[in-house]
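The values are calculated or read from the model by the stated rules, or taken from the named source; none is laboratory data. None of the values given here were measured: they were computed from a predicted structure. We place every Cβ from the backbone using ideal geometry, glycine too, and count neighbours over all the protein chains shown.
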């Protein structure tokens, strides 16, 4: 991944919580991101805030969070979304306590679009 100098939603950027890096397996880190979605077929596009994690696939260097991010170049699967806030509704398959934690992050995140949420490092994008 590359740390972007400027936020562009078309680059599909991610903000990561550096404290949550787990090198086990192929590596994983908690992340948040914005995406554009349609409510219905041919409906208007809306910006939504998402939370979940990025999991590496064949990442060559898992030794540190920095090396994980820099050598994580395969972004074809994107992030694993655990929760999504559209300004009205929270979608999540998590239990109620996790849903409350996600809502606490996502509501102000969407309200402050496109700012990086506090305690996250962003914006990271996959190279094209």
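Here are a few things to note about the model shown:
- Considering (1) surrounded by 12 or more Cβ atoms within 10 Å (Cβ to Cβ); (2) out of contact with any helix residue (DSSP H, G or I) (no Cβ under 7 Å at 6 or more places or on another chain); (3) in contact (Cβ under 8 Å) with a residue 12 or more places away in the chain; (4) not in a strand (DSSP E or B), the lone condition that residue 50 does not fulfil carries the number (4).
- Residue within the range 50-64 that is within 24 Å of residue 105 (Cβ to Cβ), in contact with a strand residue (DSSP E or B) (Cβ under 9 Å, 6 or more places away or on another chain) and at pLDDT below 95 present: yes
- Scanning the range 70-101 for residues that are touching a helix residue (DSSP H, G or I) at 6+ places or on another chain (Cβ under 9 Å) and modelled with pLDDT of 95 or more returns 82, 83, 84, 85, 86, 87, 90, 92.
- Residue match in the range 17-27 (condition: modelled with pLDDT of 95 or more, under 14 Å from the mean Cα position of the chain (by Cα), assigned to a strand (DSSP E or B) and under 16 Å from residue 121 (Cβ atoms)): no
- Residue in the range 4-12 that is closer than 16 Å to residue 72 by Cβ, loosely packed, with under 14 Cβ neighbours inside 10 Å and free of Cβ contacts under 8 Å to residues at least 24 places away in the same chain present: no
- Taking first residues from the range 19-47 that are farther than 19 Å from residue 81 by Cα and partners that are surrounded by 14 or more Cβ atoms within 10 Å (Cβ to Cβ), the Cβ contacts under 6 Å between residues at least 6 apart in sequence or on separate chains come to 23/62.
- Flag for residue 111 being in contact with a helix residue (DSSP H, G or I) (Cβ under 9 Å, 6 or more places away or on another chain) and either surrounded by 15 or more Cβ atoms within 10 Å (Cβ to Cβ) or more than 14 Å from residue 16 (Cβ to Cβ) (or both): no
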